[in-house]
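Following: one structure in structure tokens, then a few remarks.
The values are calculated or read from the model by the stated rules, or taken from the named source; none is laboratory data. As the structure is a prediction and not an experimental result, all values here were calculated from the model. Cβ placement follows ideal geometry from the backbone for every residue including glycine, while neighbour counts extend to all protein chains displayed.
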Amino acid sequence: GAGVSQSPSNKVTEKGKDVELRCDPISGHTALYWYRQSLGQGLEFLIYFQGNSAPDKSGLPSDRFSAERTGGSVSTLTIQRTQQEDSAVYLCASSLAPPLTAPNTEAFFGQGTRLTVV
Amino acid sequence: AQTVTQSQPEMSVQEAETVTLSCTYDTSENNYYLFWYKQPPSRQMILVIRQEAYKQQNATENRFSVNFQKAAKSFSLKISDSQLGDTAMYFCAFRKRSNDYKLSFGAGTTVTVRA
């Protein structure tokens, strides 16, 4: 696609329910990142996928959060048993090559999913 | 861990004037990259400018320029001839030059350009 696509754009869910957020990266981009942006805060790293390598999950805040990337393309971030503190904008980004081999490769961001837990 | 601090939550500037956003960071690394990202109301993050720490020359992209002071760990962004379309939230970000792909972001500065 022309850019990173995220869906849904907005999601309101009840506390305790599970949600799935989708990210469609730019075609051919091998690296994919998830960030969380809470109100008034900067971006918090959640998880990183690169090709077929094991993802770096070090930023996931709890075991209620998980993510997968199927076929090296689309990624889904799942939040189980949502809590009010999970309310935030979830941003996905992709890049052409891992920073290991191309340090100047910038990350392109989607428009994010605004999650509201009520 | 790297810490990125943006001490100005909000800035307001008259159209055509200049505004400077501050950013400081804390790191023990010698080689790294610094970035300014713009996030308009559409929420889409856009890279404005990047600086490589091993380059002394300050980066410039059209009306955007930076003042990189490595010893002071300061990385300010100057927006010249401000335009209404510059209204957005601006984030300063840091990444090591080595095998670390995580971008560390500051809390952001909301810039409002007044007509």
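So, of the residues in segment A:45-56 that are within 12 Å of chain B (Cβ to nearest Cβ) and in a loop (DSSP other than H, G, I, E, B), which turns out to be surrounded by the most Cβ atoms within 10 Å (Cβ to Cβ)?
Taking the candidates together, the pick is A:PRO55.
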Do you know which residues across segment B:79-112 are modelled with pLDDT under 95, farther than 20 Å from A:LEU91 by Cα and crowded, with 19+ Cβ neighbours inside 10 Å?
B:LYS96
Does at least one position in segment B:44-59 carry a residue that is within 28 Å of A:THR113 (Cα to Cα) and over 15 Å from the mean Cα position of the chain (by Cα)?
yes
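Would segment B:51-72 turn up any residue that is part of a loop (DSSP other than H, G, I, E, B), within 14 Å of chain A (Cβ to nearest Cβ) and surrounded by 15 or more Cβ atoms within 10 Å (Cβ to Cβ)? Let's see the steps before the verdict.
We begin by selecting, within segment B:51-72, every residue part of a loop (DSSP other than H, G, I, E, B); these are B:53-59, B:62-63, B:70-72.
Still in the list and also within 14 Å of chain A (Cβ to nearest Cβ): B:53-55, B:59.
When the remaining residues are screened for being surrounded by 15 or more Cβ atoms within 10 Å (Cβ to Cβ), the result is B:53, B:59.
Within segment B:51-72, one or more residues are part of a loop (DSSP other than H, G, I, E, B), within 14 Å of chain A (Cβ to nearest Cβ) and surrounded by 15 or more Cβ atoms within 10 Å (Cβ to Cβ).
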May I ask you to list the residues in segment B:6-45 that are surrounded by 15 or more Cβ atoms within 10 Å (Cβ to Cβ) and assigned to a loop (DSSP other than H, G, I, E, B)?
B:GLN6, B:GLN8, B:SER22, B:CYS23, B:THR27, B:ARG43, B:GLN44, B:MET45
Give segment B:22-43 a look and list any residue that's under 8 Å from the mean Cα position of the chain (by Cα) and at the interface with chain A (Cβ under 9 Å from one of its Cβ atoms), or say none.
B:PHE35, B:TYR37
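Would you say B:VAL48 is in contact with a strand residue (DSSP E or B) (Cβ under 6 Å, 6 or more places away or on another chain), surrounded by 19 or more Cβ atoms within 10 Å (Cβ to Cβ), of a type in the set (Val, Ile, Thr) and assigned to a strand (DSSP E or B)?
yes
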Taking A:SER27 and the conditions (1) within 14 Å of chain B (Cβ to nearest Cβ); (2) outside any strand (DSSP E or B); (3) farther than 19 Å from B:LEU47 by Cβ; (4) not basic (Lys, Arg), which numbered condition does it fall short on, given that it satisfies the others?
(1)
Within the group A:GLN41, A:GLN83, which residue is surrounded by fewer than 17 Cβ atoms within 10 Å (Cβ to Cβ), more than 18 Å from A:PRO8 (Cα to Cα) and at pLDDT 95 or above?
A:GLN83
Tell me which residues, restricted to segment A:35-93, are of a type in the set (D, E, K, R) and farther than 15 Å from A:PHE109 by Cα.
A:ASP56, A:LYS57, A:ASP63, A:ARG64, A:GLU68, A:ARG69, A:ARG81, A:GLU85, A:ASP86
From A:ALA54, A:ALA107, A:ALA93, residue being among the hydrophobic types (A, V, I, L, M, F, W, C) and over 18 Å from B:ALA93 (Cα atoms)
A:ALA54
Going through (1) within 11 Å of chain A (Cβ to nearest Cβ); (2) touching a residue at least 60 places away in the same chain (Cβ under 8 Å) one by one, B:VAL19 fails only at (1)
